[in-house]
Amino acid sequence: PLEGRSKDPHKLLLISFDGFRWDYDQDVDTPNMNIMARDGVKAKYMTPAFITITSPCHFTLLTGKYIENHGVIHNMYFNTTTGQKLSYHGTQGVSMWWDNGSLPIWITAQRQGLNTGSLFFPGGNATYRGENVNVKKVETSTHKWGNETEWRANVDTVMRWLTEQDLDFVALYFGEPDSTGHKFGPDSEERKQMVSQVDRTVGYIRKCVKDHGLEDKLNIIITADHGMRTVQKGPDEIVLNNIPNFSLFNDLQFHLVDYGPSGLLVPKEGNLEKVYNALKNAHPKLHVFKKEEVPARLHYSNNARITPLFLYGDPGYVIHGFAKFQFNKGEHGFDNDDIEMKTIFRAVGPSFKQDLVVEPFESVHVYALMCELLGIKPEPNDGSLDVTRNMLVEDSISDGFPASILHATIGLSAVLGVLLLSFIVATITISVKRHKKRKRAEKSLSTETIIEKF
């Protein structure tokens, strides 16, 4: 965090509306989100981490790390040796999937004296190095995400956490408009209706903040994990079982496919080159990489959990295994360069400027911003506060500069001060010596004059 703060840090509420594509407010009237943008900061869009799916992208928000660096590489826990795979919900309680070297901001804040909470937020149900989130609410396996009455009840719960329990940081998750986008597609009327529900909820949140006297005490960030794209249907869909010279049964030890546009494969011993060569040019919409050859810009290679072969489809194309078992009309998980994978970032509160639109940035930078808002020292991460610093109100001169520049300025001033003091002392010393020498000379001359007179 920056040094020289003139005020105590404010509370922070992080809100995620899963699957809220960056342009969802452009074909729906969203008065409450518009008011929030006027009162705070709006990014043109935000680029999520790759792969663009829920748990990995949320953990990037919580840690400030690319997915290969925080290790939550998929929504599903899996074991390539036993073949075990767990669902999204089942994986939420598998601490070893989440706790693998990176601390989420909840634990970092708690270790520095703050109190935190999680309501349905991905990663909130895990234990990290023996520590849990202070206060949490976890959804059931059959949870329905679209109930607006429950949404308001959850907002009320968070308000109590922030006031009665005096929590400093809360992460609040809504599973929409993602679920509706999957089922009906991103261009559907149902999705538009869900965005209207999101907007009403934003209005309710801000009303509750005002009613609880938190307007001058609470910063709010509203964002999401990824966007949504219409799935391409037809004869050119990617079905691995239809590829010549390749067998899911015979050639692979493990596979995780039929989960959107990506695939993780472990060939049987000695089969890597055979499988790679069979798949790499098998379909014009299918990208096939050996782990070490995944493009560096995707940051999805340097982790032991990533399998020897990684596949992903062009935007709109999902990867089927044995047959066309995926029926979603909308999907995500595509290349994060795809404009339809971009998502939203909005922020409002006492620390944020008003009526400011900022250029697009990567989600990896949100963590450093949140640490700054909470006044805590961040864990090592892949982001930078410099990317989002222009959003913040400058409370003092020091707040307007990076800490590194501030420290350098102070250090340089100290050095210059020492040099100046040394110069003054040296100058005075030389002057004194010259003065004494001149006095001795004058005294000697006076003595010689007296002797000549005699």
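Criterion first (assigned by TED's automatic domain parsing to the domain that holds L374 and within 14 Å of L13 (Cα to Cα)) does T163 satisfy it?
Numbers: assigned by TED's automatic domain parsing to the domain that holds L374: yes; within 14 Å of L13 (Cα to Cα): yes.
For T163, the condition - assigned by TED's automatic domain parsing to the domain that holds L374 and within 14 Å of L13 (Cα to Cα) - is met.
Whenever a residue of region 34-62 is in contact (Cβ under 8 Å) with a residue 12 or more places away in the chain and in the same structural domain as L86 (by TED's automatic domain parsing), its partners that are of a type in the set (F, W, Y) and outside any loop (DSSP other than H, G, I, E, B), lying with C-beta atoms within less than 6 angstrom and at least six residues away or across chains, give the pairs G40/F352; V41/F352; A43/F345; M46/F345.
Do we find a residue being closer than 27 Å to E362 by Cα and charged (D, E, K, R) anywhere in region 205-216?
So in region 205-216, the residues closer than 27 Å to E362 by Cα come out as 205-206.
Keeping just the survivors that are charged (D, E, K, R) gives 206.
Yes, region 205-216 contains at least one residue that is closer than 27 Å to E362 by Cα and charged (D, E, K, R).
Can you say whether H299 is at pLDDT 95 or above, more than 26 Å from the chain's Cα centre (by Cα) and buried (at least 18 other Cβ atoms within 10 Å of the Cβ), as far as the supplied structure shows? Steps first, please.
Details: at pLDDT 95 or above: yes; more than 26 Å from the chain's Cα centre (by Cα): no; buried (at least 18 other Cβ atoms within 10 Å of the Cβ): yes.
No: the conditions fail for H299.
What residue, of N100, N69, N75, is under 17 Å from the mean Cα position of the chain (by Cα) and assigned to a loop (DSSP other than H, G, I, E, B)?
Details: N100 fails: under 17 Å from the mean Cα position of the chain (by Cα); N69 fails: assigned to a loop (DSSP other than H, G, I, E, B).
Step by step, each of N100, N69, N75 is checked, and only N75 is under 17 Å from the mean Cα position of the chain (by Cα) and assigned to a loop (DSSP other than H, G, I, E, B).
Name the pairs whose Cβ atoms lie under 9 Å apart, with the first residue in region 273-287 and touching a residue at least 24 places away in the same chain (Cβ under 8 Å) and in the same structural domain as F310 (by TED's automatic domain parsing), the second assigned to a strand (DSSP E or B) and among the basic types (K, R), and 6 or more positions between them or separate chains? That search, which allows pairs on different chains as well, returns Y276/K290.
For region 119-162, taking the residues that are among the basic types (K, R) and assigned to a loop (DSSP other than H, G, I, E, B), the one that is farthest from Q197 (Cα to Cα) is identified as R129.
In this structure, F310 qualifies as in a strand (DSSP E or B) and of a type in the set (F, W, Y). Suppose we filter region 48-73 for residues that are touching a strand residue (DSSP E or B) at 6+ places or on another chain (Cβ under 8 Å) and surrounded by fewer than 23 Cβ atoms within 10 Å (Cβ to Cβ); how many remain? Number satisfying all stated conditions: 0.
The values are calculated or read from the model by the stated rules, or taken from the named source; none is laboratory data. Note that this is a predicted model, so its numbers are computed, not measured. No Cβ is skipped: glycine too gets one built from the backbone with ideal geometry, and neighbour counts run over all protein chains shown.
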